[in-house]
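To keep things clear, I will list the structure first and then write my remarks on it.
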Amino acid sequence: MSDLYLGGEPLAEVVRSGFVESRHSGSVVVLDASGEVTAWAGDVLGPIFPRSSNKPMQAVGMLAAGLSATGAELAIISASHRGQLVHVEAVRGVLGDIPATALGCPPDYPLSDAARDAVVRAGGERSPLFMNCSGKHAGMLRTCAANGWPLAGYLEPAHPVQVAIRSGVESLAGEPAAAVGVDGCGAPLLAVSLRGLASAFLQLVSAPPGSAPRRVADAMRARPDLVCGTDADGHDTQLMRAAPGLLVKGGAEGVLAAALPGVGAVAMKIDDGAMRARLPVLNSAFSRLGVSLAPYTEMSVLGGGSRVGEVRGVW
C-alpha cells in the first residue's frame, strides 16, 4: 500500500445526442473469487476514504466487540438509508432504551423526496433519526451499552467502540488504516486502498455462515430495502434485489464496492466524486468476471424529458 492516492484513468463518459460532453476518471479494481486481482485501472493501492462503503466493515467490528443484533438490525446499522418510515422505525429498534438524543450524527431531513415532503407537511423538523447514517450511530451506541462503555464521546477515535471498529475494518481490509478523518456524519473515517476495500467485500460474502462478516452480508442481502431505500435513487437496493447474492454498498464522493460469492469483487473511486459514473463502471467491471448487471446499471441522459444519451463505461 502506498502513502498517497495518485488518481485514476478514464472510466466513463457522458454522451448527449451522440456527442461526448463530459468524462470521468477514477480507479477500479476487480478481484476474482480467489481474491486475485484480475483487472484494474488507476491507483488501486493508494489510500482513499471509502465513506459509507466502510459501513459493513464497521458493523463487523461492532459484532466482534459484543454487539447483539438481529438481521434487520444489522442491515440498518450498515445502511445509508433514505429516511423512509421503515428506516426510522428500524433505527429506533436498534436504539431500544437509548434515547435518540444520544445520537451524535447531525440532524437532517430524509434523503427520500417523498419522506422529506411528508415530514415537512406534518410540520416536522430535521432530526438525527432521519440522517442517513443514524443506523450506524445507533449500532455504535448499542455496542457501547452492551459493554458498559460511556455513550458520551463515542465518536472520538480513542473511544473503545471506535478502537474495536478500527480493528474490524483493518482486519477485513488486510491493511492498516492510512489515515483517520471525520465522515459527514461525524464518525471516524478510515482510509484504505481500493484493493483492501474489494478484499473486505469478498470476505463478507465468502466467510463461513454464522461468522460476523457473513452475518452482515446476509443481513444486507436479505433486507436491501433497509440498506438504501425503495425510491428511484435507491441504487444499492435495486441492484441487490435484481442480482441474487450480490452485496453492494455505495459511498459518497464516487465510491462503490460490491461482491458476488463464487465470482469476485469490485471497488472503485471516481476522482471528481461524481455518483453518476459509478453504475456504468460497475457493469464494466463485473463484465470482466463474466457477469452483466445491465439494465440495472444504466444511467440515462435526458433532454426535454426524454432519453437522449447515456453515461457509459469506457474501461
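The values are calculated or read from the model by the stated rules, or taken from the named source; none is laboratory data. Just so it is clear, the structure is predicted and the values come from calculations on it, not from any experiment. In this analysis, Cβ positions are derived from the backbone assuming ideal geometry, glycine residues included, and neighbour counts consider all displayed protein chains. Surface areas here come from the heavy atoms of the whole protein model, side chains and all, with no ligands, DNA or RNA. Shrake-Rupley method; radii C 1.70, N 1.55, O 1.52, S 1.80 Å.
Key figures
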quantity: Checklist (1) closer than 17 Å to Ser2 by Cβ; (2) open to solvent by less than 10 Å² (accessible area, probe 1.4 Å) applied to Ala177, failing item; calculated: (2)
quantity: Residues located in the range 254-283, provided they are farther than 23 Å from Ser80 by Cβ and of a type outside the set (A, V, I, L, M); calculated: Gly262, Gly264
quantity: Scan of the range 250-300 for residues that are open to solvent by less than 50 Å² (accessible area, probe 1.4 Å), among the small types (Gly, Ala, Ser) and in a helix (DSSP H, G or I), ordered by number; calculated: Ser284, Ala285
quantity: Selected residue [in contact with a helix residue (DSSP H, G or I) (Cβ under 8 Å, 6 or more places away or on another chain), small (Gly, Ala, Ser) and open to solvent by 20 Å² or more (accessible area, probe 1.4 Å)] from Gly168, Gly104; calculated: Gly104
quantity: Pairs with Cβ under 9 Å, 6+ apart, first in the range 174-203 and over 21 Å from Val30 (Cβ atoms) and at pLDDT 95 or above, second part of a helix (DSSP H, G or I) and aliphatic (A, V, I, L, M); calculated: Ala177/Val169; Ala187/Met140; Ala187/Ile165; Pro188/Ile165; Leu190/Met57; Leu190/Ile165; Leu190/Val169; Leu190/Ala173
quantity: In the range 115-147, the residues that are aliphatic (A, V, I, L, M), part of a loop (DSSP other than H, G, I, E, B) and in contact (Cβ under 8 Å) with a residue 12 or more places away in the chain; calculated: Leu129, Met131
quantity: Residue, most open to solvent (accessible area, probe 1.4 Å), within the range 138-162, restricted to residues that are farther than 16 Å from Leu189 by Cα and among the polar types (S, T, N, Q); calculated: Asn147
quantity: Test: Gly66 is closer than 30 Å to Val91 by Cα and surrounded by fewer than 24 Cβ atoms within 10 Å (Cβ to Cβ); calculated: yes
quantity: Among the candidates Ser78, Ser17, Ser2, residue that is of a type in the set (S, T, N, Q), in contact with a strand residue (DSSP E or B) (Cβ under 9 Å, 6 or more places away or on another chain) and surrounded by 16 or more Cβ atoms within 10 Å (Cβ to Cβ); calculated: Ser78
